[in-house]
């Protein structure tokens with residue numbers, strides 16, 4: 001029967017082809033831009049597979065793969081320091097493509113209900129996050145990294161990066177203003193790794209500082225709750241920042257294919273924390289959240 005989103009996948013693939021052409025139009029393409037073109041090419045391949053998928057689940061899997069790659073690409077485009085005329089055009093083009101693909105990932109797959117209880121199996125349950133007024137506790141103590149390195153510690157071979165020039169982003173792509181804190185901020189901890197259900201997320205702007213952290217948990221705080229968050233990363237790196245609960249995924253929403261948890265929006269992410277987040281994003285694509 002084929003994938004119902006094949007036409008959208010084809011339109012998105014053709015648009016990405018134009019973005020790729022813009023990025024490759026210069027004779028001497030900067031190294032960091034060349035890496036981005038490889039991401040775009042990877043997304044094009046995934047969309048081609050979605051376009052020709054024989055089932056709904058297969059098509060959606062390919063679209064999700066492309067969306068993850070493009071979310072990572074948007075974040076990396078925000079950090080390009082080389083002069084390249086096609087970066088802004090490609091950024092706008094990729095944001096448009098994401099707006100086409102994102103609704104496809106939210107459409108329920110047409111597949112039969114599993115036999116037995118609809119409860120989630122314990123083996124797939126994300127670890128609950130502690131949310132209290134006490135100092136943060138690890139989501140899963142057994143997975144806490146070895147002794148933490150201070151935020152300021154960097155590999156000796158890498159000089160301290162300068163804060164990059166931020167590109168002008170349309171107001172429509174910016175997150176809404178943070179709510180005023182009501183009382184003391186709640187303390188939470190997010191442990192992010194290569195395979196954790198928790199991950200960074202970005203919106204249409206692609207700027208990681210305008211995104212946040214999706215914290216997989218069955219014990220989500222109420223929307224708009226102000227928090228103080230400790231984020232731990234592989235290699236013992238960590239940073240602290242302020243934020244608020246921007247969205248919640250209900251664990252009782254059995255129609256959703258997404259993991260339960262809460263999206264914590266950054267508030268004024270420090271430059272050093274942004275650099276650590278980008279370092280992580282280069283290795284693992286962030287999630288995408290529609291603003």
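The values are calculated or read from the model by the stated rules, or taken from the named source; none is laboratory data. Because the structure is a prediction, the values reported are computed rather than measured. No Cβ is skipped: glycine too gets one built from the backbone with ideal geometry, and neighbour counts run over all protein chains shown.
For the range 225-258, residues that are part of a loop (DSSP other than H, G, I, E, B) and modelled with pLDDT of 95 or more total 3.
Do we have any residue at all in the range 190-204 that's surrounded by 16 or more Cβ atoms within 10 Å (Cβ to Cβ) and without any contact (Cβ under 8 Å) to a residue 24 or more places away in the chain? Walk me through it before giving the result.
Taking the range 190-204 as the starting set, the residues that turn out to be surrounded by 16 or more Cβ atoms within 10 Å (Cβ to Cβ) are 190-192, 196-204.
Next, from what is left, pick out any that are without any contact (Cβ under 8 Å) to a residue 24 or more places away in the chain: 196.
Checked against the condition, which is being surrounded by 16 or more Cβ atoms within 10 Å (Cβ to Cβ) and without any contact (Cβ under 8 Å) to a residue 24 or more places away in the chain, the range 190-204 yields at least one hit.
From (1) free of Cβ contacts under 8 Å to residues at least 60 places away in the same chain; (2) crowded, with 19+ Cβ neighbours inside 10 Å; (3) farther than 23 Å from residue 106 by Cβ, pick out the condition that doesn't hold for residue 213. If we test residue 213 against (1) free of Cβ contacts under 8 Å to residues at least 60 places away in the same chain; (2) crowded, with 19+ Cβ neighbours inside 10 Å; (3) farther than 23 Å from residue 106 by Cβ, just (3) comes out false. When each of 4, 65 is tested for being at negative phi, in contact with a helix residue (DSSP H, G or I) (Cβ under 6 Å, 6 or more places away or on another chain) and surrounded by fewer than 19 Cβ atoms within 10 Å (Cβ to Cβ), the lone residue that passes is 65.
Selection of the range 180-209 for residues being under 11 Å from the mean Cα position of the chain (by Cα) and not in a loop (DSSP other than H, G, I, E, B) yields 199, 200, 201, 202, 208. Does the range 221-232 hold any residues that are over 15 Å from the mean Cα position of the chain (by Cα), farther than 16 Å from residue 179 by Cβ and crowded, with 20+ Cβ neighbours inside 10 Å, and which are they? Result: 232, single match. Among the conditions (1) crowded, with 21+ Cβ neighbours inside 10 Å; (2) at pLDDT 90 or above, the only one that residue 78 does not satisfy is (2). Just one of the numbered conditions (1) in contact (Cβ under 8 Å) with a residue 24 or more places away in the chain; (2) closer than 27 Å to residue 278 by Cα; (3) within 20 Å of the chain's Cα centre (by Cα); (4) surrounded by fewer than 20 Cβ atoms within 10 Å (Cβ to Cβ) is not true of residue 107: (2).
Against the list (1) modelled with pLDDT of 90 or more; (2) under 19 Å from the mean Cα position of the chain (by Cα), the condition residue 56 fails is (2).
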